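All remarks here apply to the structure that follows.
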Amino acid sequence: MFNARAVIDARIWLALSWLAVAVLAVALIWLLAVGRPHEFLMACCFFVPFLLGMLLPHGLPNLLMAVISGCFLVSAGGWALDWYALHWWFDVVLHALNPFAMMAGTMVMLWKADLVGVRPPGRFVLVSTTLGLILGIGWELVELTFLVLTWPDTILDIVMDTSGSALGGWFALWMIRARGLAPLGQRQPAPRPQGQLQAIPARVP
């Protein structure tokens, strides 16, 4: 019988995440060794937050961390090795993949903070989609400051951002439910036993 919770929390995902850290660290050393300081700095912009995300406590599922790790690794390679210019489809794929991982992680964290619940599920996915759309539009405005954009490319990017964000919300929802966790996050108060009276503090004259 398929055990989704065991798959989501399997330690192999965490091992793969640390393997991605090691691969990116080796890539940084290689970029310095071959005399590519510009690409080295760009890769560092991905490596530093990636490493911090692995070291700091966050409580994200191991499977999600593996997905995020893969996105960091692929994005760093795209910027450092200029895959965006070499492969026309690379930018299109990343405009779906990165919002997918980003919004999946964001929605799990919002759920843990009791800022959003998983009921009704449609609203949960809608919040993820809306946030991803806003971030996608914001990123296009950033790109406008240093790139010459065309309407077809911009619309395609926003469509991919929105689609990836919707799938990320669904993925986060599936993980929360598959792990058998409560509709709200971790800060909800414990239920009071039946028949227990709440103590009334004495008045101070």
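Nothing in this text is a laboratory measurement; each read-out follows from the coordinates by a stated rule. In this text the structure is predicted, and so the values were computed from the model without any measurement. FYI the Cβ positions are ideal-geometry reconstructions off the backbone, even for glycines, and counts take in every protein chain you see.
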(request) Would you work out the charge dipole size for the chain about its Cα centre, treating the Cβ of every Lys and Arg as +1 and the Cβ of every Asp and Glu as -1, and quote it to the nearest 20 debye? (result) 1320
(request) Mind sorting out which of [x] 46, 44, 26; [y] 53, 47, 43; [z] 73, 55, 39 is the real Cα extents along the principal axes in Å computed from the coordinates? (result) [z]
(request) State whether the range 41-132 is rounded, prolate or oblate according to the following rule on the C-alpha gyration tensor (a ≥ b ≥ c being the square roots of its eigenvalues): a/c under 1.5 gives rounded; otherwise a/b larger than b/c gives prolate, and the remaining case gives oblate. (result) oblate
(message) Among 144-154, 128-138, how do they line up by average Cβ neighbours within 10 Å per residue, starting with the highest?
(response) 128-138, 144-154
(message) So for each of 64-75, 36-47 I average, over its residues, the number of other beta carbons within 10 Å; can you give me the resulting order with the highest mean first?
(response) 64-75, 36-47
(message) Could you compute Rg(Cα) / (2.2 N^0.38 Å) for the range 87-183, with N its residue count?
(response) 1.16
(message) Using a Gaussian network model on the chain with a 10 Å cutoff between Cα atoms, which of VAL159, VAL26, VAL116 fluctuates the most?
(response) VAL26
(request) Compute the long axis of helix 151-178 from its Cα atoms, compare it with the longest principal axis of the Cα atoms of the chain, and write down the angle in degrees, 0 to 90, nearest 10. (result) 40
(message) I'd like the Karplus ³J(HN,Hα) series for the range 35-47: coefficients 6.51, -1.76, 1.60, θ = phi - 60°, whole numbers in Hz, and an x wherever there's a Gly or Pro.
(response) x, 10, x, 5, 5, 4, 5, 5, 5, 5, 4, 8, 5
(request) Work out the length of the dipole vector of the range 87-183 about its Cα centre, built from +1 on the beta-carbon of each Lys and Arg and -1 on the beta-carbon of each Asp and Glu, and round it to the nearest 20 debye. (result) 700
(message) Using a Förster radius of 25 Å, what is the FRET efficiency between TRP139 and ALA85 based on their Cβ-Cβ separation? Nearest 0.05, please.
(response) 0.85
